[in-house]
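Undergrad: Take this structure first; my questions come after.
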Amino acid sequence: MEISVIIPVYNEETRINCITKVINYLDRRFSEFEIIVSDNGSTDDTVKIAQGFADVDNRIKVLKCKSRGKGLAVREGILSSVGKLVLFTDVDLSTPIEEIDKLIHALEEGYDIVIASRWLPSSQILKRQLRIRETFGRLLNWIIQKVYLPGIFDTQCGFKLFRGGIARELFSEQKIDGFLFDVEILCRARKKGYKICEEPVHWINDESSKVSMIKHFPQIIIDLIRIKYLVG
């Protein structure tokens, strides 16, 4: 299997049709692929719609996870994958699926993990977040850079590509189920000596994001502290 694409979802019945766009791209780019829709306890018709895709295309799988956070959904999806490459992408495709070509090129240059970045000088943000949300995101990234991952400007962009074996190794050790699971994974990767690259991408904000900075702020602080103890 050339590539596994993991799409974590939670109550995404209005956006799950992104599967069509992903399939169309993968069909042109790869001879073999799988798409794993990993559901984080949706209560709407997300799973029903995704299963409809799976019923007519055996390259699509649907996983039903406990409602414990995006990190759990991504982990379960990656651990069930078999691809030589593993990508996880947000369902809104804020980073267009075509941007994977840039990430694959970086892997071919010898990197183990390539993460899409909104904050590099050559990144192109075609639609920005609200100012308060963007400011909070930049502040969080600044803290993460200073304390955990110096030199990485955007740990939270939901578009990351791994060598398959490395992805499954790292995510088998993952403990953080919430918003900051990416930070834990990248910390573990750096500690193990894996080569990480940031790649500038086109990015388009989707205003229906499920992450509320005010609502999730206490858990973000708790998880930042946990990561320090979990990874060191």
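Undergrad: Looking at the range 8-18, can you tell me whether even one residue there is touching a Ser or Thr at 6+ places or on another chain (Cβ under 6 Å), surrounded by 21 or more Cβ atoms within 10 Å (Cβ to Cβ) and within 15 Å of V86 (Cβ to Cβ)? Can you show your working first?
TA: In the first step, residues of the range 8-18 are kept if they are touching a Ser or Thr at 6+ places or on another chain (Cβ under 6 Å); the result is 8-13, 16.
So of that shortlist, the ones also surrounded by 21 or more Cβ atoms within 10 Å (Cβ to Cβ) come out as 8-9, 12, 16.
Imposing the further condition that a residue be within 15 Å of V86 (Cβ to Cβ) reduces the set to 8.
Looking through the range 8-18, at least one residue is touching a Ser or Thr at 6+ places or on another chain (Cβ under 6 Å), surrounded by 21 or more Cβ atoms within 10 Å (Cβ to Cβ) and within 15 Å of V86 (Cβ to Cβ).
Undergrad: Sticking with this one: Here are the criteria: (1) modelled with pLDDT of 95 or more; (2) buried (at least 18 other Cβ atoms within 10 Å of the Cβ); (3) not in a loop (DSSP other than H, G, I, E, B). Tell me which single one I176 does not satisfy.
TA: Status for I176: all satisfied but (3).
Undergrad: Tally the residues that are of a type in the set (S, T, N, Q), surrounded by 15 or more Cβ atoms within 10 Å (Cβ to Cβ) and over 17 Å from the mean Cα position of the chain (by Cα), restricting the search to the range 19-49.
TA: 2
Undergrad: Another question, if that's okay. Where residues in the range 160-170 are over 12 Å from the mean Cα position of the chain (by Cα) and buried (at least 18 other Cβ atoms within 10 Å of the Cβ), which of them is nearest to V231 (Cα to Cα)?
TA: L170
Undergrad: Please list, ordered by first then second residue, the pairs with beta carbon atoms under 7 Å, 6 or more apart or interchain, first in the range 96-111 and more than 15 Å from E198 (Cβ to Cβ) and at pLDDT 95 or above, second part of a helix (DSSP H, G or I) and of a type in the set (F, W, Y).
TA: I97/Y25; E98/Y25
Undergrad: Next question, about the same structure. From the list L224, L126, exactly one residue is closer than 28 Å to C18 by Cα, at pLDDT below 95 and outside any loop (DSSP other than H, G, I, E, B). Which is it?
TA: Testing whether each residue is closer than 28 Å to C18 by Cα, at pLDDT below 95 and outside any loop (DSSP other than H, G, I, E, B) leaves just L126.
Undergrad: Quickly run through the range 90-110 and pick out the residues that are under 19 Å from I78 (Cα atoms) and either among the small types (G, A, S) or touching a helix residue (DSSP H, G or I) at 6+ places or on another chain (Cβ under 7 Å) (or both).
TA: V91, L93, I97
Undergrad: If you don't mind, another one. When only residues in the range 104-123 that are in contact with a strand residue (DSSP E or B) (Cβ under 7 Å, 6 or more places away or on another chain) and in a loop (DSSP other than H, G, I, E, B) count, which is surrounded by the fewest Cβ atoms within 10 Å (Cβ to Cβ)?
TA: S122
The values are calculated or read from the model by the stated rules, or taken from the named source; none is laboratory data. Since the model is a prediction, treat every value here as computed from it, not as a measurement. Using ideal geometry, Cβ is built from the backbone for each residue, glycine included, and neighbour counts are taken over all protein chains shown.
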